[in-house]
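Asks: Let me give you the structure first, and then I'll get to my questions.
The values are calculated or read from the model by the stated rules, or taken from the named source; none is laboratory data. In this text, all values refer to a predicted model and were calculated from it rather than measured experimentally. A quick note on method: Cβ atoms are made from the backbone with ideal geometry, for glycine too, and the neighbour counts reach across all protein chains shown. Protein only, heavy atoms only, side chains kept; ligands, DNA and RNA dropped before computing areas. Shrake-Rupley method; radii C 1.70, N 1.55, O 1.52, S 1.80 Å.
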Amino acid sequence: MRITANGIDLACQVDGPNEGPVLVLSHTLATSRAMWRRQVPHLARRYRVVSYDMRGHGESAAPDYPYSLEMLAEDVISVLDSLGVERPAIFLGISIGGMIGQALALRHPARFRAFILASTSSRMPPEGQAMMDQRIEAVRKDGLEGQVQGTLERWLSPEFRAREPETTKWVADMIRATPAVGFIGCGRAVQKLDYTDQLSQVAAPTLIIAGEKDPGAPVAAAQAMHERIKGSRLEVMPNCLHQAPIEAPDHFNRIVDAFLAEVK
């Protein structure tokens with residue numbers, strides 16, 4: 001379905017029982033809600049799963065200006081409002097989605113009863129900002145095609161790419177289909193990530209998931225978040241890089257299930 005949220009047109013879908021607890025899924029930079037194809041059917045057996053394409057991605061509008069994590073967080077609130085969701089929801093975000101989750105935890109704590117933050121971090125170091133500058137300029141010049149191979153290498157292990165060529169192609173196609181203006185807008189938002197010193201304010205139950213070999217959101221970044229969010233749980237997925245829900249979906253789902261079973 002398409003809704004108007006926070007002043008723009010966003011695409012989203014709702015799966016699962018209407019009376020189920022609401023669970024929002026927020027994807028990575030340069031993918032879409034389609035990346036959750038192994039999670040949605042599993043989670044929708046019990047939850048009312050809301051997956052959406054963040055602005056600049058998938059079937060959502062891609063306005064041509066810099067975005068912010070706070071803006072992207074308000075998009076989520078607008079989606080929930082448009083769907084008439086009043087009860088506190090659960091939020092699962094990966095990478096930039098996990099950054100959006102932190103913004104929501106800090107700005108709208110009453111709207112959520114638990115958070116799952118996967119393959120993400122809470123602060124962008126200067127070298128990361130410089131690297132994003134390089135990617136943005138490359139995308140501005142040549143589009144997303146030039147980012148495909150390097151992104152696959154950061155996201156999925158060589159063993160997985162060799163074993164699952166069709167899935168790897170599917171991921172590659174999501175990357176190259178991302179509008180350049182959307183990638184750039186969200187890239188600018190990621191550059192300003194700086195929530196580490198505020199995370200002690202997060203009181204909701206929180207699960208942090210890290211890929212053991214993730215070069216973009218290393219285990220050390222997950223550990224820093226875990227240390228600051230009181231009572232949080234940290235799970236490290238062996239041998240995974242950045243896209244653990246795609247590379248090891250069954251294991252990822254089991255970790256999520258175990259956490260959700262304890263959320264009251």
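Asks: Sort 188-195, 51-58 by packing, meaning the average of other beta carbons within 10 Å per residue, with the highest value first.
Replies: On the way: 188-195: 18.1, 51-58: 26.2.
The densest-packed peptide leads the list: 51-58, 188-195.
Asks: Please turn the phi angles of the range 225-230 into ³J(HN,Hα) values with the Karplus equation 6.51 cos²θ - 1.76 cosθ + 1.60 (θ = phi - 60°), one per residue in order, whole Hz, x for glycine and proline.
Replies: Result, rounded to whole Hz: 5, 4, 5, 9, 8, 4.
Asks: Separate question: Taking all protein chains in place and a 1.4 Å probe, what share, in percent, of the accessible surface of the range 153-264 do carbon and sulfur account for? Walk me through the numbers before you get to the answer.
Replies: Details: 2590 of 5130 Å².
After summing per-atom areas, the C and S share lands at 51 percent.
Asks: Using per-residue counts of other Cβ atoms within 10 Å, averaged over each peptide, order 13-23, 33-43, 127-137 from highest down.
Replies: Averaged packing, sorted descending, gives the order 33-43, 13-23, 127-137.
Asks: GluC sites (Glu not before Pro), restricted to the range 193-264: which are DSSP loop and have at most 16 other Cβ atoms within 10 Å?
Replies: On the way: sites: Glu212, Glu227, Glu235, Glu247, Glu262; in loops: Glu212, Glu262.
Here the sparse-neighbourhood loop sites are Glu212, Glu262.
Asks: Still on this structure: How many angstrom separate the Cα center of the range 179-221 from the Cα center of the range 1-51?
Replies: 20 Å
Asks: Another question, then. Which value, in debye to the nearest 20, gives the size of the charge dipole of the range 1-140 about its Cα centre, when Lys and Arg are +1 and Asp and Glu are -1 at the Cβ? Display every interim value, and only then the final one.
Replies: Working: 15 positive and 14 negative charges, 118 e Å.
Using only the charged Cβ atoms, the result is roughly 560 debye.
Asks: Further question on the same structure: Show me the ranking of peptides 114-126, 88-100 by mean Cβ neighbours inside 10 Å, starting with the highest. Display every interim value, and only then the final one.
Replies: On the way: 114-126: 22.2, 88-100: 26.0.
Per-residue mean Cβ counts within 10 Å order the peptides as 88-100, 114-126.
Asks: Now for a different question. Might you tell me the accessible area per residue for the chain, computed with a 1.4 Å probe and given in Å²? Mind dumping the intermediate values first?
Replies: Working: 11000 Å² over 264 residues.
With the other protein chains kept in place, the chain gives 42 Å² per residue.
Asks: Which percent of the accessible heavy-atom area of the range 1-100 goes to carbon and sulfur, probe 1.4 angstrom?
Replies: Details: 1680 of 3490 Å².
C and S fraction of accessible area: 48 percent.
Asks: What whole-number distance in Å separates the alpha-carbon centres of the range 237-255 and the range 133-157?
Replies: So the two Cα centres are separated by 22 Å.
Asks: Using amide H atoms built in the peptide plane, which far-off residues or other-chain residues are under 5 Å from Leu234 H to H?
Replies: Excluding prolines and chain starts, which carry no amide H, the hits are Ile208.
Asks: Suppose only helical runs count, i.e. DSSP H with n ≥ 4. What mean residue ellipticity at 222 nm does that imply for the chain under -39500 (n - 2.57) per run, divided by all residues and rounded to the nearest 500 deg cm²/dmol? Working shown, then result.
Replies: Values: 11 runs with 111 residues, N = 264.
Using -39500 (n - 2.57) per qualifying helix, the result is -12500 deg cm²/dmol.
Asks: Roughly how big is the chain's charge dipole about its Cα centre, with Cβ charges of +1 (Lys, Arg) and -1 (Asp, Glu), in debye to the nearest 20?
Replies: Values: 29 positive and 31 negative charges, 91 e Å.
Using Cβ point charges on Lys, Arg, Asp and Glu, the chain gives about 440 debye.
Asks: Something else about it: Considering Cα pairs under 8 angstrom that are at least six residues apart, work out the relative contact order of the chain and quote it in whole percent. Kindly include the intermediate steps, with their values, before the conclusion.
Replies: Working: 522 pairs, mean separation 54.8, N = 264.
Dividing the mean separation by the residue count of the chain yields 21 percent.
Asks: Let me know the charge dipole size of the range 87-182 about its Cα centre in debye, to the nearest 20, where only the beta-carbon of Lys, Arg (+1) and Asp, Glu (-1) is charged. It would help to have the intermediate numbers written out before the result.
Replies: Values: 13 positive and 10 negative charges, 118 e Å.
It comes to approximately 560 debye.
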